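Novice: Take this structure first; my questions come after.
The values are calculated or read from the model by the stated rules, or taken from the named source; none is laboratory data. Since this is a predicted model, take the numbers as computed values, not measurements. As a convention, Cβ positions derive from the backbone with ideal geometry for all residues, glycine included, and neighbour counts pool all protein chains shown.
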Amino acid sequence: MSAEAANPGATSRRRGRTRLDLRRIGRVALLGPTSRDRLPDAIGHVADAHRAHHPDADLTILHRAYVLAESSHRGQMRKSGEPYITHPLAVTLILAELGAETTTLTAALLHDTVEDTDVTLEQVRSEFGEEVCYLVDGVTKLEKVDYGAAAEPETFRKMLVATGNDVRVMSIKLADRLHNMRTLTVMRPEKQARIARVTRDVLIPLAERLGVQALKTELEDLVFAILHPEEYEHTRALIAADASAGDPLNAIADEVRKVLREAGLAAEVLVRPRHFVSVHRVRLKRGELRGTDFGRLLVLVAEDADCYGVLGELHTCFTPVISEFKDFIAAPKFNLYQSLHTAVASPDGEVAEILIRTHQMHKVAEAGVVALGNPYTPTDGAEPAVEGERADPTRPGWLSRLLEWQESTPDPDTFWTSLRADLAEDREITVFRSDGGTLGLPAGASCVDAAYAQYGETAHRCIGARVNGRLATLSTVLSDGDTVQLLLAHDIGSGPSPEWLDHARTPAARIAITSWLSAHSQDEAPASGGPGGRPRESRPAGGSAAPAPGIGTSVPRGAENVVVDLPDATVRLAGCCTPVPPDAVTGFAVRGGVVTVHREECPAVGRMQARGREPVGVRWLATGDCRVTLVAESFGRPRLLADLTEAIATAGAAVVSATVEPPSEQRVRHTYTLQLPDAAGLPALMRAMRAVPGVYDVSRAQHPATA
């Protein structure tokens, strides 16, 4: 049974009307266009729906688009047996009912002409303008003959890039997929399942992120019916049984209307049935469904302030369920959604969920970016667009980040897998940025994910975070409503450590980290923060070069006991393995006349040799005890100095001298000159210092500390 045939209630009636309309449209379309001075009957429903949202719309361009679409598709039939023109008409009607503006509807009528007929993009551009041409091109599929198995992922990549410039591209694609899903029963079962899976993994999450709930919910039900027919049928039976048993929400709605009327608050109170997937989710969450679980109350008011007035009256006159309250007006969701959510118990114990929003909020909640109209319409105070650049004020931040990481994944399979993984994440939490903005992240996301969501590749320099005002490691998992402040190192050469991948939940973060690590082999990697805001042991010993005995080699402090068989080279101890006497070591020449010294068993040695790099002879000049100057950088807190010196003493080192610089931006630098009984204990000492809470970096100093 198809979803469109099985779905009862308001959604079913709406679909039924649409199917009747399309049958009539199909018959009219077979007759061809009417005279030039009259709007064709076949798009009469489109015109009516469009004028309902845009009373002054000029329908002339729609007339011309229909004439071209009908003539170019004439003779083509759908698998359902209907004239092909019924499909672009249905797509256009869906968008018209959501309130799309005229340019979008024009492109929707023409969206398959370039793909399936002899009409060219140049013809569309010359007859309908650059914007319509851009939208039609954006939704035109790439040919399998040219791309083979990569055609589908590359088509979606093309659409996403086009959507990045104009979100109306994806609006048309979503409406196109919805009509195809409504008529999918004519396909073979295996093809239905394949299309339904792509719809579930890609199109539905995109509809959610663009806020087009009206399309998203119907797509969810259609996919549910195809991929989970037994659960769908069970849910359908539950909804049908509830419909015959009476609806307790109507009684509560009457009580709410009375309360608001007596309070002098003008409001429209509606009972809003849940769609199939929503009922199914509630059943899985609660087990046994209550009569009020099959819908929610929707209260519509005129102004934002009225929303809070309604909330106050409801919480005064009914018993509120405080745990169910959410304020998405003060903190809108990442997809533009705004509403107050609450739940109240009536005197007889029935609990009803209530949504409170303005009429404009409701329009945006249903239609998302479609309700925002033409993104190129200038608004008061708007910055003029840069010449030659398509500036779209409706482009959401998550889309910008998705477009950034897709550029790093040229391989179609990797892109397709990463896209589906990214979109599969439920954007369940909203995190507040310290600058007042918000980030939409999946549940379980860490500060690492937040850093890349906010800063992109600049997040490579992240060294720590404050969550709700308290210092936190980058591995800290964020919760809904947290406020996060990301701390960045001033050193532009800093980069992530491999451990960050253990805490990255979002593909955007994982791809950025992996790309950086691939581009910077460990022997050449600059200092970086670890998962707790501390670097792995790859911070190279650095500093000014000083003469050393041997073959004319200059050696920075921290590498004084090494000599290499390469004239005029600067020596650097590799941070990946931290060699100290008496480790067996070898070296490799890297950029800038530097020789990086590794332990012979370091994995980087094998990688360098596999790439044909010739090793450089290296030997230690001395072993035994050693003096070293270390810099510990940390966030300021009480007892930090005491805890650091205790860690040093426990590791068996003696403090020769120590200095503490004045705090700067709540960060403190401690410099210690230490005497170690054995150089081999240096790595353990540095690890012990890093383990002190608040310390995010321990490295070799460029100059010894002053006594």
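Novice: With the condition kept exactly as written, say whether any residue in the range 82-94 is touching a residue at least 12 places away in the same chain (Cβ under 8 Å), more than 33 Å from the chain's Cα centre (by Cα) and assigned to a helix (DSSP H, G or I).
Specialist: Yes: the range 82-94 contains one or more residues that are touching a residue at least 12 places away in the same chain (Cβ under 8 Å), more than 33 Å from the chain's Cα centre (by Cα) and assigned to a helix (DSSP H, G or I).
Novice: Further, regarding this structure: Name the single residue that is modelled with the highest pLDDT among those in the range 588-608 being under 19 Å from A569 (Cβ atoms) and part of a helix (DSSP H, G or I).
Specialist: Ranking the candidates gives V605 first.
Novice: Follow-up. Would you mind listing the helices (runs of 4 or more DSSP H) fully within the range 105-213 where at least 2 residues are touching a Cys at 6+ places or on another chain (Cβ under 6 Å)?
Specialist: Qualifying helices (runs of 4 or more DSSP H): 121-128.
Novice: Condition check: within 22 Å of T113 (Cα to Cα) and either crowded, with 20+ Cβ neighbours inside 10 Å or modelled with pLDDT under 90 (or both). Does V202 satisfy that?
Specialist: Criteria not met by V202.
The rows are residues; the columns are (1) modelled with pLDDT of 80 or more; (2) of a type in the set (V, I, T); (3) not in a loop (DSSP other than H, G, I, E, B).
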position	(1), (2), (3)
G624	no, no, no
P638	no, no, no
T645	yes, yes, yes
R687	yes, no, yes
P693	yes, no, no
D697	yes, no, yes
A705	no, no, no
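Novice: A follow-up question, please. Can you name the number of the only condition in (1) over 26 Å from D348 (Cβ atoms); (2) in contact (Cβ under 8 Å) with a residue 24 or more places away in the chain that P273 fails?
Specialist: (1)
Novice: OK, next. Taking the criterion of being surrounded by fewer than 19 Cβ atoms within 10 Å (Cβ to Cβ) and either modelled with pLDDT of 95 or more or farther than 20 Å from A42 by Cβ (or both), would at least one residue in the range 97-110 satisfy it?
Specialist: Among the residues of the range 97-110, not one is surrounded by fewer than 19 Cβ atoms within 10 Å (Cβ to Cβ) and either modelled with pLDDT of 95 or more or farther than 20 Å from A42 by Cβ (or both), which makes the answer no.
Novice: For the range 433-485, please list each of the strands (runs of 3 or more DSSP E) lying entirely inside it that holds at least 3 residues being farther than 24 Å from A330 by Cα and outside the structural domain of V668 (by TED's automatic domain parsing).
Specialist: Here the list reads 462-467.
Novice: Can I ask one more? Condition first: assigned to a helix (DSSP H, G or I), under 24 Å from the mean Cα position of the chain (by Cα) and small (G, A, S). Can you find one or more residues in the range 224-241 that meet it?
Specialist: No, the range 224-241 contains no residue that is assigned to a helix (DSSP H, G or I), under 24 Å from the mean Cα position of the chain (by Cα) and small (G, A, S).
Novice: Could you please give the count of residues in the range 164-182 that are within 17 Å of H87 (Cβ to Cβ) and buried (at least 20 other Cβ atoms within 10 Å of the Cβ)?
Specialist: Qualifying residue count, the range 164-182: 11.
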